[in-house]
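The structure under discussion appears below in the form of structure tokens.
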Amino acid sequence: MHSSHHPDHPAGRPAADAPHHEGFQDLIARARGLREDAEALRGGEGPVGGPEGRGAAWEEALRRLDDFGRGLESLRPVPERERPRTGSAEWSLLTDAVVWSDDLYAIFGRPVAEGPLTLDQLPSCLADEDQPRLAGAVTRCLVDGQPAACEFRVARPDGTRRTVRLAAEPVLDETGSTVAMWAVAQEVAERGPRPGRPPPPVR
């Protein structure tokens, strides 16, 4: 079985990211203020923009400040709590024991004190139209003894949703019989490319 406690859980080190993130936000705010100051100075020269060519110079300066601001935004560090999480779980067919990692609880928005969900309970947390995908993956893993993957949306208790990619593998005994299912679940980032290779479709 896999431990339900991960020392690298984001909740264990929120302060590490905070100063760096706040400092970067301050830099972005200064860049915006510089852009506003430049706009005000340009406006103070009157509608003709001063001597010939100065108006074009102001436009170029503002354009460069805009580019600089966008560049800073693209480099803004994502706070740890906003990064896609990856959790793991194991469901035993022999003892009915279920073990979830801390991050999996966070993905599902489920308090650790409430315990993990069984495979029978799991579909109740999914969008209705996504439940067949999970059922197909579980069947392939437990009945066919083959790795399986699927993507679904988790309906969290707070009303929000998370899109999750699940990759599952059967745990076999010495006779080749499936005794458990082990799985990794990763949040799908809402922005930017998805990390890694996409999982194979459930057949």
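Structure above, values below:
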| quantity | calculated |
| --- | --- |
| Residue check for Ala127: at pLDDT below 95 and touching a helix residue (DSSP H, G or I) at 6+ places or on another chain (Cβ under 7 Å) | no |
| Candidate set: segment 45-97, residues that are on the phi > 0 side of the Ramachandran plot and at pLDDT below 80; chosen: the one surrounded by the most Cβ atoms within 10 Å (Cβ to Cβ) | Gly49 |
| Test: residue in segment 118-130 that is of a type outside the set (S, T, N, Q), over 15 Å from Glu151 (Cα atoms), open to solvent by less than 30 Å² (accessible area, probe 1.4 Å) and out of contact with any Leu (no Cβ under 7 Å at 6 or more places or on another chain) | no |
| Among (1) open to solvent by less than 30 Å² (accessible area, probe 1.4 Å); (2) free of Cβ contacts under 8 Å to residues at least 40 places away in the same chain, the one test that Val164 misses | (2) |
| Evaluation of Glu129 against (1) part of a strand (DSSP E or B); (2) of a type outside the set (A, V, I, L, M); (3) over 20 Å from Pro84 (Cβ atoms) (one fails), failing number | (1) |
| From the options Ala180, Ala189, residue that is of a type in the set (A, V, I, L, M, F, W, C), open to solvent by less than 60 Å² (accessible area, probe 1.4 Å), farther than 17 Å from Arg110 by Cα and modelled with pLDDT of 90 or more | Ala180 |
| The lone exception for Arg156 - which of (1) at pLDDT below 95; (2) under 18 Å from the mean Cα position of the chain (by Cα); (3) buried (at least 18 other Cβ atoms within 10 Å of the Cβ) it fails | (3) |
| Pairs with Cβ under 6 Å, 6+ apart, first in segment 146-159 and touching a residue at least 24 places away in the same chain (Cβ under 8 Å) and more than 11 Å from Leu126 (Cβ to Cβ), second open to solvent by less than 40 Å² (accessible area, probe 1.4 Å) and of a type in the set (A, V, I, L, M) | Ala148/Ala137; Ala148/Ala168 |
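Rundown of residues vs (1) more than 16 Å from Ser88 (Cβ to Cβ); (2) outside any helix (DSSP H, G or I); (3) among the aromatic types (Phe, Trp, Tyr), yes/no style:
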{"residue": "Ala113", "(1), (2), (3)": "yes, no, no"}
{"residue": "Gln146", "(1), (2), (3)": "yes, yes, no"}
{"residue": "Phe152", "(1), (2), (3)": "yes, yes, yes"}
{"residue": "Thr175", "(1), (2), (3)": "yes, yes, no"}
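The values are calculated or read from the model by the stated rules, or taken from the named source; none is laboratory data. Since this is a predicted model, take the numbers as computed values, not measurements. All Cβ positions, even for glycine, are placed from backbone atoms using ideal geometry, and neighbour counts span all protein chains on display. These accessible areas exclude ligands, DNA and RNA; they are computed on the full protein's heavy atoms, side chains included. Shrake-Rupley method; radii C 1.70, N 1.55, O 1.52, S 1.80 Å.
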